[in-house]
1. Counting other Cβ atoms within 10 Å, which GluC sites (Glu not before Pro) in the range 86-146 have at most 15 and lie in a DSSP loop?
2. Kirkwood hydrodynamic radius (Cα pairs, Å) of the range 57-125?
3. If each Cα of the chain is one equal point scatterer, what is log10 of I(q)/I(0) from the Debye formula at q = 0.12, 0.18, 0.20 Å⁻¹?
4. Which is the longest part of the chain that has none of the trypsin sites (Lys or Arg not before Pro) sitting in a DSSP loop with at most 16 other Cβ atoms within 10 Å?
5. With an 8 Å cut-off on Cα pairs and a minimum separation of 6 or more residues, tell me the relative contact order of the chain in percent.
6. Can you give the Kirkwood hydrodynamic radius for the range 1-64, in Å, rounded to one decimal and based on Cα pairs?
7. Write out the GluC sites (Glu not before Pro) in the range 1-83 meeting two conditions: DSSP loop, and at most 15 other Cβ atoms within 10 Å of their Cβ.
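What follows draws every value from the coordinates through simple rules; no lab data is involved. These figures come from a predicted structure and were not determined experimentally. Please note: Cβ atoms are built from the backbone with ideal geometry, for glycine as well, and neighbour counts cover all protein chains shown.
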Amino acid sequence: MNLKQITKKDQLDLKKLYFNSIFSIDENIYTLDQKRAWASQVWDNRNFETCLNNGNGWLINKEENVIAFALRYPANKIALFYCRGDSQRRGYGTKLLHKLENEAKKEGLPFLVTEASLISYKLFLKNKWKIISKEKIIIKNIIFDRYKMIKKFNA
């Protein structure tokens, strides 16, 4: 397992991982229609591309395959946070989360925020993040629930 900073060369691998991660979610949590709408963001959402191009993040490789990644954009927001379906619940997300948190602290940021899915919010809670609010969003005319979350750092 290798932790490395994300570069522009990684974008295609990150998009593939994003797609894999979403389609590996149990359909008792997100329906097939929800997964299709969510996965389409890799092509249809300019914010996704902006995050990839301008964000600061890390990925984890295993045998030259990207298995997880996370990035901040803007600096105080975890904008993308994904792990391959067959690599979840093995500590990769926690490792990436701690890396992003430590970087933010070193940069002197007082807090980080994110919008967490029904899958990832439990990992954030386990790592002392707080829920600000639960919200509904619409992607491709399909409703999703997610959690606005925050972690404040001690001065």
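1. Working: sites: GLU101, GLU103, GLU107, GLU115, GLU135; in loops: GLU107.
Hits after loop and neighbour filter: GLU107.
2. Values: mean 1/r = 0.0807 Å⁻¹.
Averaging 1/r across every pair of different Cα atoms and inverting gives 12.4 Å.
3. Calculated log10 I(q)/I(0) at the listed q: -0.48, -1.17, -1.47.
4. Numbers: sites that count: ARG89, ARG90, LYS128, LYS140.
Answer from the scan: 1-88.
5. 20
6. On the way: mean 1/r = 0.0773 Å⁻¹.
About 12.9 Å for the range 1-64.
7. Details: sites: GLU27, GLU49, GLU63, GLU64; in loops: GLU27, GLU63, GLU64.
Here the GluC sites (Glu not before Pro) that fit, given the DSSP loop and packing criteria, are GLU27, GLU63, GLU64.
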